[in-house]
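Asks: Right, I'll just put the structure down here and ask away after.
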Amino acid sequence: MENSITAVLPESRNAGVMTESRMKLLIHNYGDSLLRLCTLYLGDPYLAEDAVQDTYLKVWKSYQGFQGRSTERTWITRIAINTCKNYLSNSWRRHVELSDIMEIMETGRVSQSRDAYESLGNTMVLMNEIMKLKPKYRLAILLYYYQELPVPEIARVLGRRESSVYILLKRAREQLRRNLPEEIREVL
Amino acid sequence: MEIRENTDRLLAQVRVSRRMYQRIMEGKEMRRRRKFVLRKAVVLAAAAVLLMSTMYVGAGYLKEYTSLRDIFVNNTLDEPLEVPQGQKMPDIYENILDTSLPMTGEAASAGEEADRSLAGLGERIIDNELFSVDILEVSCTGRELSFNYILTKKTEQEIWTNIFIARNHDECGTASGFGDYLRPDQISESSGYKLAENQVLGTYTQLGKEEYMSGMYTLYVDYMLLDRLSGTGPEQQTGVENSNFVMYETDETPNYVEGPIEIIGSEDYCIALEGEQDRVEKNVHFSAYDIYITPLTVYLTLDGTYEEEMTGDWGMASSHDITISFTDGTSTTAKVMLSSMLYGFGEISVDMRKSFDSAIDPDRISGVSLDGVPIMGRQDGIS
């Protein structure tokens, strides 16, 4: 589901009741983004689908307990990340199949215009390196650069102090810079 | 470079499909319905007669003798184990020696056979440059699956391992598991077992959420290589063999290897009880229980909901008494303790267990109570 409709849900709200229409909006507004985040974090698009489904089931169940202390997007992202972490704790799912993800990306790339095709090459190289990071670094980078969450929000998602998020990002960038060509290195 | 925008273009086909959307909405409905299903207490069959029998995987041996697992009863780190008389070189191993392991070169003398490490007696499931795993025996009754193995290390590096069995990566099918291992110096010489320096004898018992059916499963070994960082940590007296405080640098995500293993499920010889309850412990309300009694162990799973915060040590101090009455009028009480717990989003599931000092016969059970509350049959002597 593409995000063609602007967000209808208030970012901060009083305790409310989950309805089907609200659920649909939550899926509509955040579903694709969460699915892509989970895919990149888990390295498995099929497992990511399960994770996102689980996430929304948890959202449905616990929506009444959401008190608006963080944005709705941060709250849902945190649920998704915790779900993914549970999946990653199962050893046979810990292996990132880079080739699967890169194949999907290449398919997306060739469907673009010629100019876009060229420009997407650098992003593929970057993503390829991001996928090789340890999960905690990969996650911090994805939340910062892909989800575009500010550090205080990342800290809430990860349940860490802001200072430790900065350290995670710093170390992740250092590792990425070692392996990236100069022109891509500059975007970090 | 617009990372987010470009990534979305690259992952354009990764999107919530109509099918997935429907599954989310349908899943929500299913979950709501399931919560109010009345769970009736059931007693599964307790008719099989394979008390303490053990099957050797892949060889079809079936002997009545005390499981190797008993070696681990009363295991302490301080002294070698006294292996029960009935456990000393059971016939099954002699049979395997005779028929399954052709010797190379000259026929081995009896003495040489005695010195042979246990690893050659089992079925090698895993073999790589770091370690090998030989399964000695597997016993499976109903939902309980136990196996013993020899782990042979092939590297000087420290290795952390976790070994278990699942079917088709279905980790959700396992409710809980526990295990232990013995180093060579922890087995007394009189036991008849002999390990090489680079071997450990391990046992693992796991409880499935459903009965294990006969068929092919997968043995998984999670492992991590640990790098000893000498001289980086503060020196402390720890009371163990090396008094230096040792730090390890580990990769945070274990690798794993897997191998096929055949499980021959025996007829259910256990008792399963499940039902509803209404119990409050601190900030937790338990609404359902699941008790599983095998000849060696009683398992208790409690499901419920919690309010406010939950932490991993919640269940550490918790225990429950499961009293089992037998047809001859005797009874035994097992105090089950925390095995594992899962919690999140207001839901909690606590797994507890207690192994019996000696095997019981589930077929003779006439009544079971949980913390004094009868849940099955007649409760002789239970107030």
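The values are calculated or read from the model by the stated rules, or taken from the named source; none is laboratory data. Keep in mind it's a predicted model, so treat the numbers as computed, not measured. Cβ placement follows ideal geometry from the backbone for every residue including glycine, while neighbour counts extend to all protein chains displayed. Heads up: the accessible areas ignore ligands, DNA and RNA and are worked out on the full protein's heavy atoms, side chains in. Shrake-Rupley method; radii C 1.70, N 1.55, O 1.52, S 1.80 Å.
Asks: Run down A:Ser119, A:Ser89, A:Ser113 and say which single residue is at pLDDT below 85 and assigned by TED's automatic domain parsing to the domain that holds A:Arg36.
Replies: The conditions single out A:Ser89.
Asks: Does the range A:138-154 contain any residue that is open to solvent by less than 30 Å² (accessible area, probe 1.4 Å), at the interface with chain B (Cβ under 9 Å from one of its Cβ atoms), at pLDDT below 90 and not in a loop (DSSP other than H, G, I, E, B)?
Replies: No, that holds for no residue.
Asks: Another question about this same structure. Can you tell me which of A:Leu168, A:Leu180 is open to solvent by less than 30 Å² (accessible area, probe 1.4 Å) and either under 19 Å from the mean Cα position of the chain (by Cα) or assigned by TED's automatic domain parsing to the domain that holds A:Arg78 (or both)?
Replies: Checking each option against the conditions leaves just A:Leu168.
Asks: Out of the range A:121-137, which residues are more than 9 Å from chain B (Cβ to nearest Cβ) and open to solvent by less than 20 Å² (accessible area, probe 1.4 Å)?
Replies: A:Gly121, A:Ile130, A:Met131, A:Leu133
Asks: Among the residues in the range A:164-186, are any within 22 Å of A:Tyr46 (Cα to Cα), within 11 Å of chain B (Cβ to nearest Cβ) and part of a loop (DSSP other than H, G, I, E, B)?
Replies: Looking through the range A:164-186, none of the residues is within 22 Å of A:Tyr46 (Cα to Cα), within 11 Å of chain B (Cβ to nearest Cβ) and part of a loop (DSSP other than H, G, I, E, B).
Asks: Separate question: Determine which member of the set B:Asp303, B:Asp371, B:Asp313 is within 21 Å of B:Glu211 (Cα to Cα), out of contact with any Pro (no Cβ under 7 Å at 6 or more places or on another chain) and either at pLDDT 85 or above or not aliphatic (A, V, I, L, M) (or both).
Replies: Answer to the check: B:Asp303.
Asks: Enumerate the pairs (first residue in the range B:165-180 and more than 15 Å from B:Thr205 (Cβ to Cβ); second residue anywhere and of a type in the set (A, V, I, L, M, F, W, C) and at pLDDT below 65) with beta-carbon separation below 6 Å, excluding pairs fewer than 6 apart on the same chain, so at least 6 apart or on different chains.
Replies: Matching pairs, first to second residue: B:His169/A:Trp92.
Asks: Restricted to the range B:290-315, and to residues that are of a type in the set (Val, Ile, Thr) and within 15 Å of B:Asp371 (Cα to Cα), which residue is nearest to the chain's Cα centre (by Cα)?
Replies: B:Val298
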